[in-house]
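> Dumping the structure here so I can ask a few things about it.
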Amino acid sequence: MRKNSAIVIGVGAMMCFLISLPMNWYTIDHARRAFDIGTITTTGLHGSITLWVESPVWLIVCVSMLGVVFSLLNRLELTTLSKMTCLAPLFFSSLFICKALMITLSRNGNFRMGLFFALLGLVLGFCLAVSNSGQRTMDDLMRETLYEDLEP
């Protein structure tokens, strides 16, 4: 993947995450706590998803964007972070976003466009993080060191 393509994919992923924030992520019809409380609508700014702990959706989106920024900086060769450093925020946020997707697939849940844009941003972020042509491998460093030693 070329640097220009990486920039487009990275900016596209971040835009998807930003667009998802004010939109509805999911609704739950006939939500029940102690009694029927009607419909609950979750947006990116005013909702939360509980997996192990209750996390606000905006925080999950920010963690996702952090993974995209790390990957983009690696692809532009401004940093030399490990691939796991780029993937860890994306994996973490994907757990919460998949939990939101499971809620929408339940009997009373409804899928909304905010969740669609968040999933699209995740896919683009993973595509950017997994492609490693921007990272120098140990073999590349060894070749550079070897060629420097051979030059007069």
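> Looking only at residues that are part of a helix (DSSP H, G or I) and modelled with pLDDT under 85 in segment 103-123, which one is nearest to I49 (Cα to Cα)?
I103
> Here's a follow-up. Out of the residues in segment 51-81 that are at pLDDT 85 or above and among the hydroxyl-bearing types (S, T, Y), which is farthest from F116 (Cα to Cα)?
S71
> Against the definition (touching a Lys or Arg at 6+ places or on another chain (Cβ under 8 Å), modelled with pLDDT of 85 or more and in a helix (DSSP H, G or I)), how does A129 come out, yes or no?
Considered against the rule, which asks whether it is touching a Lys or Arg at 6+ places or on another chain (Cβ under 8 Å), modelled with pLDDT of 85 or more and in a helix (DSSP H, G or I), A129 comes out as yes.
> I'd like the residue in segment 66-77 that is surrounded by 14 or more Cβ atoms within 10 Å (Cβ to Cβ) and free of Cβ contacts under 8 Å to residues at least 60 places away in the same chain and, out of all such residues, is nearest to the chain's Cα centre (by Cα).
Filtering first and then ranking leaves L66.
> Now for a separate question. Identify the single condition in (1) among the β-branched types (V, I, T); (2) assigned to a loop (DSSP other than H, G, I, E, B); (3) touching a residue at least 60 places away in the same chain (Cβ under 8 Å) that T80 does not satisfy, given that it satisfies every other one.
T80 satisfies every listed condition except (3).
The values are calculated or read from the model by the stated rules, or taken from the named source; none is laboratory data. Just so it is clear, the model here is predicted, and its values are computed rather than measured. Every residue, glycine as well, gets a Cβ built from its backbone with ideal geometry; the counts of neighbours run over all protein chains shown.
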